[in-house]
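Everything on this sheet refers to the single structure shown next.
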Amino acid sequence: VTSELGSERRLTGVTSGAMIIETLFRPIRPAAIATLMLTISALAFSQDRPRTCYGMLLDSTGSMRSQFGTVLDIGKAIVHETAAHGPVSIFNFATDRVARSKDAIVVLRIEQSQDEAKLNRTIDGFYVEGGQTTLLDAIQSVGDRLQEWAPDSEKVIVVVSDGEDRVSRVKSKDLIQQ
């Protein structure tokens with residue numbers, strides 16, 4: 001790449017989390033050196049921070065029927081903002097057909113992806129399902145899965161729901177303590 005300074009820069013690789021930049025240039029201005037130093041500092045700072053992983057729970061139970069298009073739009077907006085910063089796992093609810101109960105259980109639909117198009121296709125495949133919402137149980141399950149996949153990462157759980165919980169086993173104060 002040729003810059004306005006007439007310099008040619010080439011990325012030679014990534015080794016042990018440190019970016020090595022081989023630079024072939026003629027004399028450069030102090031502003032260019034400062035910019036390069038700030039960029040390297042930012043890369044080093046971001047490598048010291050633990051990776052962030054995201055778990056998104058989209059409520060697809062019957063109580064969300066009238067708002068479901070908005071839920072999907074919000075989900076896609078969240079994917080757009082987060083996928084570049086860390087892996088995103090998307091969950092929603094499904095009727096528990098195995099146990100033949102009326103509970104809507106949390107289901108993993110896509111695991112740890114940063115492919116925005118793939119994440120959006122997953123959301124596009126969602127539809128409203130009946131069942132009693134187990135919202136707090138679902139949040140606990142999402143948290144447990146994120147901890148299992150990435151124990152050393154920062155974890156962010158995003159819930160798009162009306163907040164209606166019908167039959168969770170876990171209590172809110174216990175979930176908050178976890």
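For the stretch 61-178, the relative contact order is 28 percent, taking Cα pairs closer than 8 Å that sit 6 or more residues apart in sequence and dividing their mean separation by the residue count. Determine the distance separating the Cα centre of the stretch 118-178 from the Cα centre of the stretch 56-113; give it in Å without decimals. Answer, in whole Å: 8. Using a Cα-Cα cut-off of under 26 Å, which lysines could be cross-linked to LYS171, ignoring same-chain neighbours fewer than 8 residues away? Output for LYS171: LYS102, LYS155. Under 17 Å from a label point set 7 Å out along the Cα-to-Cβ vector of ARG169, the amide N atoms of the stretch 119-151 belong to 132-145. Extending 7 Å from Cα along the Cβ direction at ALA77 and again at GLN177 yields two label points whose distance is 3.6 nm.
A cut-off under 11 angstrom between Cβ atoms defines the neighbours of GLN67, and their net charge, with Lys, Arg +1 and Asp, Glu -1, is -2.
Each reported figure results from applying straightforward, stated rules to the coordinates on display, with no laboratory input. Computed from a predicted structure; not experimentally measured. Here the Cβ is made from the backbone with ideal geometry for all residues, glycine too, and neighbour counts use every protein chain on show.
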